[in-house]
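Notes follow the structure.
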Amino acid sequence: MRRIAGIVLAFLLIGGVVAAVVAGRETEGKGTATKTVRGVIGSEKAEFFADPEVVKALAAEGYTVKTETSGSWAMEGLDLKGYDFAFPSSKAPADELAGKYDVRQPLPRPFYSPLVVVTHKGAAEVLQQNGLASLDQSRGVLDMAAYLKAAEGDRTWQDLKGAEKYGELSGLLYIASTDPTTSNSGALYLAAASNVANKGRVVASEKELTDTAPLMHDLISVQGAQQTSSDAAFRDFVSGVGNPLVLVYESQVASLLAQGQSVDDLVVLYPDTTVHSDHTVVPVTDEGRALGELLGTDPELRKLAARHGFRPQGAATEFTTATAQHTTYLMQKLTVRQAPVPTSEVLHEMARRARGQ
């Protein structure tokens, strides 16, 4: 009887082990992360990748993603050996990296975000009163041609009608941006401004670079020291520090609103000529490419990207749903002009001249 009991117990143990293995395989098939991929990302995507729901959605598809942040244009100076992907904030630095590492096209572009200018109600009303902007509740449109004319003429806030009511509106009128030599948003600011200054044409020749360089230099030199990331610039604005007009990504504003946070008398101005920041994955490995494609196609990840303020590529119903309660601040359907971006070589040179280098 003892021998029989022992044999039965042995069979039960073996059966338990087999069941555990099968259960483990089933669990793995249902989403236990099996691949760790490493990437360098723009700082504006750090909160997205750190979101527990994003981590869970990636794990369900078999990924653990570890990231480090860098300015998009600064990525070209990094050694990507040991990384699976880089994820700058627009196509120009991505194409530069793709050429450097011989990455095949097309590159995955899961989502995008237009540039906007954040300000407060008082400053926005002064701009409207002086023909520099038009307002609709807590959002509006910035007249780029009028703004550039004011910047070129060294106009101050004190030159504008109505500014005397607001003590914080003083000094030169300018939009605070990030360093265009290292940060994507700063470089795209020059892309949009130079397009307007070049009569609606993308700057492509040496003559056009030379003709627009003085104004681009004026836009940057007036700022003094610049932030190296849009994340830092936006945090300063939210905390009430710095210039009355700050260039950021729409995604940063949309994400803040989605989290239920608010900024006192916030107004979001969409430049009437803007540039879309196409967040583009540069896959260094096959795993990096698979991840980039997943970000753009997986329904749950698209929904989470929209919750973080990004506009998924294609029919972005996810963004419309995520921002339904915040249309007083955000344009769900963009009605402003999207300017083409110069080549990375031209944009680099434009940024260098704007910085006086």
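Points to keep in mind about this one:
- Scan of the stretch 71-85 for residues that are touching a Ser or Thr at 6+ places or on another chain (Cβ under 8 Å) and open to solvent by less than 30 Å² (accessible area, probe 1.4 Å), ordered by number: Gly71, Ser72, Trp73, Asp84, Phe85
- Any hit, the stretch 328-344, residues being at pLDDT below 95, open to solvent by 70 Å² or more (accessible area, probe 1.4 Å), closer than 30 Å to Lys207 by Cβ and in a loop (DSSP other than H, G, I, E, B): yes
- Of all the criteria given as (1) open to solvent by 30 Å² or more (accessible area, probe 1.4 Å); (2) outside the structural domain of Arg201 (by TED's automatic domain parsing); (3) not in a loop (DSSP other than H, G, I, E, B), the one not satisfied by Arg235 is (2).
- Residue match in the stretch 142-149 (condition: under 27 Å from Gln338 (Cβ atoms), at pLDDT 95 or above, aromatic (Phe, Trp, Tyr) and open to solvent by 20 Å² or more (accessible area, probe 1.4 Å)): no
- Taking every residue in the stretch 302-328 that is in contact (Cβ under 8 Å) with a residue 60 or more places away in the chain and among the basic types (Lys, Arg) and pairing it with any residue that is open to solvent by less than 20 Å² (accessible area, probe 1.4 Å) and assigned to a helix (DSSP H, G or I), at least 6 positions away or on another chain, the pairs with Cβ-Cβ distances below 7 Å are Arg311/Phe319.
- Complete set of residues in the stretch 145-199 that are part of a helix (DSSP H, G or I), over 28 Å from the mean Cα position of the chain (by Cα) and not charged (D, E, K, R): Trp157, Gln158, Ala163
- Condition met for Asp211 (in a helix (DSSP H, G or I), of a type in the set (D, E, K, R), touching a residue at least 24 places away in the same chain (Cβ under 8 Å) and closer than 20 Å to Leu347 by Cβ): no
- Subset of the stretch 269-282 [surrounded by fewer than 24 Cβ atoms within 10 Å (Cβ to Cβ) and over 16 Å from the mean Cα position of the chain (by Cα)]: Asp272, Thr273
- Within the stretch 188-223, being more than 20 Å from Lys149 (Cα to Cα) and open to solvent by less than 50 Å² (accessible area, probe 1.4 Å) holds for one residue alone: Ser205.
- Looking only at residues in the stretch 303-327 that are charged (D, E, K, R) and within 28 Å of Thr182 (Cα to Cα), the one that is surrounded by the fewest Cβ atoms within 10 Å (Cβ to Cβ) is Arg307.
- The stretch 269-309, subset hydrophobic (A, V, I, L, M, F, W, C) and within 30 Å of Lys199 (Cβ to Cβ), residue modelled with the lowest pLDDT: Val275
- Just one of (1) out of contact with any Asp or Glu (no Cβ under 6 Å at 6 or more places or on another chain); (2) buried (at least 19 other Cβ atoms within 10 Å of the Cβ) fails for Gly288. It is (1).
The values are calculated or read from the model by the stated rules, or taken from the named source; none is laboratory data. These numbers come from a predicted model, not from an experiment. Cβ coordinates were reconstructed from backbone atoms using ideal geometry, including for glycine residues, and neighbour counts include every protein chain displayed. These accessible areas exclude ligands, DNA and RNA; they are computed on the full protein's heavy atoms, side chains included. Shrake-Rupley method; radii C 1.70, N 1.55, O 1.52, S 1.80 Å.
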